[in-house]
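Everything on this sheet refers to the single structure shown next.
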Amino acid sequence: MTQPADSGRRPEALPLLRGQKALVTGANSGIGLATAIALGRAGADVVVNYVFGREAAEDVVSKIQSFGVRAFAHEADVSDEGQVVGMFARMLEEFGTIDVLVANAGLQRDAALTDMTVEEWHKVIDVNLTGQFLCAREAAKEFLRRGVVPEVSRSAGKIVCMSSVHQIIPWSGHANYAASKGGVLMLMQTLAQELGPHGIRVNAVAPGAIRTPINRSAWDTPEAEQNLLKLIPYRRVGDPDDIADAVTVLASDLMDYVVGTTIYVDGGMTLFPGFATGG
Ligand code: NAP
């Protein structure tokens, strides 16, 4: 990991999620790591999911606990139904319930279409899309069982799907990834429609280019970064905290009337910057 576990750019936390219980998948690296810490700082107890990298997950747990809230790390592959069910069972046992799911875990297996193996296709769809389905399903069961607890939140539960600008921007050489994120968009909207009447809010955050290990080659040399900046009208590569802050506010009652929406946190990447001078 290159980014610090906590940039500390916001010294005082707003207790936006005080008393809430959150689960963040893929929380030992990058965006998930920053998000788990931000939710803890906002007052939530947090489950830090990971699949490899236990040590990094335990570091995140310590950081969250330093805010005076509870946290534990849980190893589970989000594409494995039994492991996901087991993770939620442990969360309910230890924390009693769940208020916020951030379905963040994701990966890339890039290849030109004619070189892409069916294993590369399935791996990305299984983790990025099926993983979100499995976690959302287990969270929704508990939200429906418990209903609204007004002292905790106006909503019976919140699901934030980590999508990508590639839910709407085609991406040559990344057919599996773009298809998975396109799927996340329709999964999110359908769940929002289905669960809204039960007081459950489902939304997505779609990052643009964020400095994390998943896309290191896109930013780790000056030349690569300059090329990347051409795609970003705001001319800054994003930090994990940019996404973490958006997720925190979206999961809070400040955004209680936001349902079935994608918040693009992308420095304007979805503004078709190629048309700024062309077209
Ligand atoms: P990252 O630093 O590589 O983190 C990916 C995380 O996903 C890691 O914690 C990893 O855990 C976890 N993970 C991978 N496979 C898993 C599995 N089967 N079960 C559970 N966890 C698993 O990447 P990131 O940039 O933070 O990506 C997080 C999310 O943001 C992804 O959904 C990605 O598509 C999305 N996103 C990122 C960007 C960007 O520019 N960085 C842009 C748009 C969208 P281990 O380390 O334990 O394997």
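The values are calculated or read from the model by the stated rules, or taken from the named source; none is laboratory data. Every value quoted in this text rests on a predicted model; they were computed, and no experiment measured them. Ideal geometry is used to build each Cβ from the backbone, glycine not excepted, and the neighbour counts take in all protein chains shown.
A few remarks follow.
- Number of residues in segment 250-264 that are buried (at least 18 other Cβ atoms within 10 Å of the Cβ) and either within 16 Å of the ligand (Cβ to nearest atom) or part of a helix (DSSP H, G or I) (or both) equals 6.
- Given (1) near the ligand (Cβ under 10 Å from one of its atoms); (2) under 18 Å from Lys158 (Cα atoms); (3) not acidic (Asp, Glu), index of the condition Gly40 fails: (1)
- Screening Asp242 against (1) without any contact (Cβ under 8 Å) to a residue 60 or more places away in the chain; (2) loosely packed, with under 14 Cβ neighbours inside 10 Å; (3) in contact with a strand residue (DSSP E or B) (Cβ under 9 Å, 6 or more places away or on another chain) leaves a single unmet condition, (2).
- Scanning segment 144-187 for residues that are farther than 22 Å from Val24 by Cβ and assigned to a helix (DSSP H, G or I) yields Ala175, Asn176, Ala178, Ala179, Gly182, Met186.
- Contacts under 8 angstrom Cβ, first residue in segment 97-118 being modelled with pLDDT of 95 or more, partner among the hydroxyl-bearing types (Ser, Thr, Tyr) and surrounded by fewer than 16 Cβ atoms within 10 Å (Cβ to Cβ), 6 or more apart: Ala111/Thr117
- Filtered residue count, segment 265-279, keeping only those that are surrounded by 19 or more Cβ atoms within 10 Å (Cβ to Cβ) and either outside any helix (DSSP H, G or I) or within 14 Å of the chain's Cα centre (by Cα) (or both): 3
- Breaking point among (1) within 13 Å of the ligand (Cβ to nearest atom); (2) outside any helix (DSSP H, G or I); (3) crowded, with 22+ Cβ neighbours inside 10 Å, for Val46: (1)
- Of the residues contained in segment 64-83, none is found to be within 10 Å of the ligand (Cβ to nearest atom), at pLDDT 95 or above, touching a His at 6+ places or on another chain (Cβ under 6 Å) and part of a strand (DSSP E or B).
- Among residues of segment 115-143 being in a helix (DSSP H, G or I) and more than 22 Å from the chain's Cα centre (by Cα), the one that is nearest to the ligand (Cβ to nearest atom) is Glu119.
- Flag not set for Ala206, criterion: modelled with pLDDT of 95 or more, within 28 Å of Arg146 (Cβ to Cβ) and buried (at least 17 other Cβ atoms within 10 Å of the Cβ).
- Evaluation of Pro15 against (1) over 22 Å from Arg216 (Cβ atoms); (2) in a loop (DSSP other than H, G, I, E, B); (3) within 16 Å of the ligand (Cβ to nearest atom) (one fails), failing number: (3)
- Residues being within 13 Å of the ligand (Cβ to nearest atom) and among the small types (Gly, Ala, Ser) - total across segment 87-107: 3
- Scope segment 119-140; condition closer than 17 Å to Cys161 by Cα and free of Cβ contacts under 8 Å to residues at least 60 places away in the same chain; matching residues: Val124, Ile125, Asp126, Val127, Asn128, Leu129, Thr130, Gln132, Phe133, Leu134, Arg137, Glu138
- The condition (being over 21 Å from Phe143 (Cα atoms) and not in a helix (DSSP H, G or I)) is satisfied by just one residue among Ala244, Ala206, Ala224: Ala206.
- Under the condition of being β-branched (Val, Ile, Thr) and part of a helix (DSSP H, G or I), the residues counted in segment 84-113 number 2.
- Checked against (1) in contact (Cβ under 8 Å) with a residue 24 or more places away in the chain; (2) more than 10 Å from the ligand (Cβ to nearest atom), Pro197 meets all criteria but (1).
- Verdict on Arg154 being closer than 28 Å to Val51 by Cα and either at pLDDT below 95 or of a type in the set (Lys, Arg) (or both): no
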